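Note sheet for the following structure.
Coordinate-derived values only; no laboratory data. Note that this is a predicted model, so its numbers are computed, not measured. Heads up, the Cβs are rebuilt from the backbone with ideal geometry, glycines too, and the neighbour counts pull from every protein chain shown.
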Amino acid sequence: MDPSPVRPPHRTAARPWAVRPRPDAMAALSAARGVVGDLRDGLAGSGARRAARRMRRLLGARGLALADLAGSLAWAGRPAGDTEVKALIDAVLHAEAASGRPPLVAEPLFANGELAGALVVAGPVRPASVRKAAAWVADALDRCRLETSAEQAAQAELRALRAEISPHFVYNALTVISSLVGSEPDRARELMTDFADYTRYSLARHGDYTTVSEEFHAIETYLILQRAVLGERLRVQVRVAPEVLGVAVPYLVLQPLVENAIRHGVEARAGAGLVQVSGEAEGNDCVICVEDDGAGMDPARAKAILAGRGSPDSVGLANVDRRLRHVYGAWYGLVVETAPGAGTRVVVRVPRFQPGVMP
Amino acid sequence: MGPLLAVALLVLGTLLIGLRGVAAMRTSSDFLVASRRVSPLLNSAAVSGEYLSAASFLGVAGLVVKDGMGALWYPVGFTAGYIAMLILVAAPMRRSGALTPPDFAEARLASPALRRLCAVVVLVIGALYAVPQFRTAGLVLSAVSAYPYWVGVLVAGAVVSVTLVLGGMRAATYVQAFQFCLKLLLFIVPAVWLVVQAGPEVRHDAVNPVAFTHFTRETPVSFQVDVTLRVAEPVRVETPGGGAALLPGEHRIDAGRTLVFPEGARVPEVRGDEPLNGAEWRRPLLDLEDSGHPLLGTWGVLLATALGTMGLPHILMRFHTSPDGRAARRTAAVTVVLLGVFYLFPGVYGALGRVLVPELYLSHATDTVVVALPAQVDTGWPGSLFTALLTMGAFAAFLATSLGLLLVMSGAIAHDLLPGGLRRLRITVVLVAAGTVLLALPATSVDAGVLVTWGFTVAASTFCPLLVLGIWWPRLTAAGALTGVVTGLLTTSGAIVAALFGPPLSGLTGLLVTQPAPWTVPLAFTAMVAISLRGRPAPWSRAAMLRLHLDEARLRPPPSQNRPR
């Protein structure tokens, strides 16, 4: 019996034998490219039916179906008999080899050497063409798998790039706290709490994004601890406009910048230094500046650092730069404004809303 | 000179706050600014500050003088919009993280085409909303000084551009909240003074209006736009160049002229605009264009304003400042109260204006009624002082709203429409300001309230269905949303173009063209639902809906035990 068609038959299906492969090479090329795009989500994805339609036109078959491992079919053109096809697919998936004979053939599809599904072709198509078509679909599936794993690799890299607490800082902070336990136990307890708070935030591994508000909270605790270490040498100003507090940003993008500012603006010299952190909205963007009034540097050196060719201990900046570009696109990197003797200002600019970036 | 001085003072103040930027909100403690989140009250003051435009400050009272007490439905709709926003949109929109409707379209339906379309709609709404602001600023500046209208508009444009480039792009919450308090103060105090100073006779007349048929005193009328007057009885008017007699018939009066009508003369009619008699003026419904359908006309305005508020891009942006969905909802609730207080007073100005300066409708200048009143009540220095204060308030209203609108329009161009990376927001902003000035120059004859209501109508027929269905209906598809927004945009802009440039229509057709909301809003909703039902929603639409409706606390880890002291 004839199964009820999923969609009305294609108009050329009325004269099935009149359908011939198009001789136009460019059309064939664009159809082949289209198939690759359609199969981006695999055989079970939403593009499978579109891919089947393209393949059918390319082969000039009466009907063509793509089956995944579960045996569910995406038909294009006139479907063949239900029971017949089912038996054929079962045979192909079990034997992992081509089965059937014209006008109904099925070829297995392999992606990365593993069985991924089957291609069913109904109509007068040469078996060699069907084999080639199956190989093309398999290649497309391969490619989509590679793309997925590349995406996963990029995500993993992003996680790996997340800033780590500097051991130097942990050691200094704990030393200062222990020195205060005897003389100022209350202050020591507060600092201990701050330290716990800070480590909790830095070591947290939930999600990739947080809010500007949380980031500022983290750098404030960090600055309290640094002030305990450096004493009066560190002067700090943190100012943030309320419009940007809710903006989503990647975890720990500010802390490395502040750490950098303290290292180059305060620790590197004898006197006191001022570190300013400010956040404000500029139209649809959120602009965060971290500024120190230290020695500054040659702009060429800043460029080298951003490119990752700096000294090993200043890897933080390049790291943040790469993460920002990865999340927001090539235009949204760090901007470093500096000159010898003029201090350093690092500017982070992120859009206030970016699809997919959610705390 | 007084009013101009007041405006200069206001602009200087705004510039200073803008230049100082975040420094203006610095606290004694350098730390813990971040954890001090914006309270709903402060944020709703900022929302109201951004929302109360020149159309609210001046336009509503002008419409009351022109269309009667029924015009008070405008502020009812302007305020009721926040109730619709509170119930339907505020919290889910905040949870989506979206800053503007184009952002929301992308976040909910992942369609770049829809995003660009929404950016175009933002531009249309922004233009319809910003042009009357510039127009009113120009009118007020020329009314209080001797300069012509176009100088006023150019000055307004220059002031806005300079403010934007020198730090106005921060859209600072504190500045807007301050602007709201300033406006509220500058609106209420003169109103009370006017009522007290006007005397018992005027107060009686104000609540028992009569038709404006004869000039009760020698009245100068200065025309800012070309007007055609229809004179029934011969009347001798004084002009700066000497006396002249207006014979019965139609007379074209050029812009820039001033005619002084003698006491007791019959008031000429403005072609296409019948003066209201006392009973009509008192009627609590809006009979727009004398269509004979006051109830439908009122509903049209109410639908447009109440549903359009949620689609105003510069207002939605303010809700992004709320820390979470719950705070956004509270902000909307408090805003209803704040606006309710403000909108008690346009009626006062309107009723007094009807008695004291009814001749303004002859020159199409009813929008200036608020600033014209103090001089009628008191000719001494208190009158000048209050004129200056009201001009300052009107300019503050113009400045606050225009800054937000220009920013959101240039954001739509630089962020959503132009391809590429970091765009030059500063240049775009100045270009958009220049474009708005160019549009405002020929817009003198259209009332601010009418243009703004059209802006609301476009928002109600495009963004309202998009936001409401996007938030509450999981089956919405990108194709459906596109169709609905296109339908709403084309029908409303078609109606607006027809109303502006088409032949004069009357009766029901005329009403449905000038107030298209009663049919365009349902049409846009229907188109969106019908096309969505034909397609299949994206597989992740359930997840996207959950994101909009689940409390943030469920999605985030529990807060730290040791919050800062």
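Its Cα gyration tensor gives chain B an equivalent ellipsoid, and the semi-axes of that ellipsoid, as √(5λ) in whole Å with the largest first, are 42, 28, 21. With the Kirkwood sum run over all distinct C-alpha pairs, region B:39-173 has a hydrodynamic radius of 17.6 Å. Under the criterion of Cα pairs below 8 Å and six or more residues apart, the relative contact order for region A:161-351 equals 19 percent. In region B:330-394 the Cα-Cα distances spread across 5 Å bins starting at 0 as 4, 16, 21, 21, 16, 9, 7, 4, 1, 0 percent of all pairs. Taken along its principal axes, the alpha carbon cloud of the protein assembly as shown reaches lengths of 107, 92, 45 Å, longest axis first. Computed from the alpha carbon atoms alone, the convex hull of chain A holds 206 Å³ per residue. Taking the Cα atoms of region A:273-333, the ratio Rg/Rh between the radius of gyration and the Kirkwood radius comes to 1.00. Normalised Debye scattering of region B:253-388 at q = 0.09, 0.10 Å⁻¹ gives log10 I(q)/I(0) of -0.46, -0.55, counting only Cα atoms as equal scatterers and leaving out solvent.
The residues A:Leu334, A:Leu93, when put in order of fewest to most other Cβ atoms within 10 Å, stand as A:Leu93, A:Leu334. Listed by Cβ neighbour count within 10 Å, with the fewest neighbours leading, B:Ser142, B:Ser322 appear as B:Ser142, B:Ser322. Among beta bridges from DSSP that stay inside region A:161-351, the antiparallel ones total about 75%. When chain B is described by a simple charge dipole with +1 on each Lys and Arg Cβ and -1 on each Asp and Glu Cβ, the residue from B:His549, B:Tyr174, B:Leu9 located farthest towards its positive end is B:His549. State whether region B:125-165 is rounded, prolate or oblate according to the following rule on the C-alpha gyration tensor (a ≥ b ≥ c being the square roots of its eigenvalues): a/c under 1.5 gives rounded; otherwise a/b larger than b/c gives prolate, and the remaining case gives oblate. Oblate. The Rg/Rh ratio for region A:161-351, using Cα coordinates for both the radius of gyration and the Kirkwood hydrodynamic radius, is 0.96.
About its Cα centre, the protein assembly as shown has a charge dipole of approximately 3020 debye under the convention of +1 per Lys or Arg Cβ and -1 per Asp or Glu Cβ, with nothing else charged. Normalising the average separation of contacting C-alpha pairs (under 8 angstrom, six or more residues apart) by the number of residues puts the relative contact order of chain A at 11 percent. Simple spin-label estimate for A:Leu203 and B:Arg116 gives 5.0 nm between the two label positions (7 Å along the Cα-to-Cβ direction from each Cα). Taking every alpha-carbon pair in region B:184-341 and binning the separations at 10 Å intervals from zero gives 8, 21, 24, 26, 13, 6, 1 percent.
Considering only alpha-carbon pairs that sit under 8 angstrom and 6 or more positions apart, the relative contact order computed for region B:135-201 is 19 percent. Using R₀ = 41 Å, calculate the FRET efficiency as 1/(1 + (r/R₀)^6) where r is the Cβ-Cβ separation of B:Ala158 and B:Leu344; round to 0.05. Taking R0 as 41 Å, the efficiency between B:Ala158 and B:Leu344 is 0.75. Temperature 25 °C, viscosity 0.890 mPa s: under these conditions the Stokes-Einstein estimate for region A:11-157, based on its Kirkwood radius over C-alpha pairs, is 160 µm² per second. Stokes-Einstein diffusion for region B:472-547, with the hydrodynamic radius set to the Kirkwood value over Cα pairs and evaluated at 10 °C in a medium of 1.306 mPa s, equals 114 µm²/s.
The rule of thumb for compact globular proteins, 2.2 N^0.38 Å, goes into the C-alpha radius of gyration of region B:397-528 1.20 times.
Label point of B:Ala279 set 7 angstrom out along Cα-Cβ; within region B:41-72, amide nitrogens under 17 Å from it belong to B:68-70.
Listed values for region B:111-127 are Karplus-derived 3J(HN,Hα) couplings in whole Hz (6.51 cos²θ - 1.76 cosθ + 1.60, θ = phi - 60°), namely 10, x, 5, 5, 4, 5, 4, 5, 5, 5, 4, 4, 5, 5, 4, x, 5, and x replaces Gly and Pro. With R₀ fixed at 45 Å, the C-beta to C-beta distance from A:Leu146 to A:Ala196 puts the FRET efficiency at about 0.55.
Take every DSSP beta bridge whose two residues both sit in the protein assembly as shown; close to 90 percent of them are antiparallel. Counting Cβ atoms of other protein chains within 10 Å of each Cβ in B:101-111 and taking the mean gives 2. For the peptides B:522-533, A:214-225, the ranking by mean Cβ contacts within 10 Å, running from highest to lowest, is A:214-225, B:522-533. Averaged over residues, the count of other Cβ atoms within 10 Å places the peptides B:38-49, B:338-349 in the sequence B:38-49, B:338-349, highest first. Using the alpha carbons alone, the radius of gyration of region B:219-274 stands to its Kirkwood radius in an Rg to Rh ratio of 0.92. Note on region B:219-274: with charges restricted to the Cβ of Lys and Arg (+1) and Asp and Glu (-1), its dipole about the Cα centre is near 120 debye.
Note on B:Asp416, A:Asp139, A:Asp41: ascending count of other Cβ atoms within 10 Å places them as A:Asp41, A:Asp139, B:Asp416, the fewest first.
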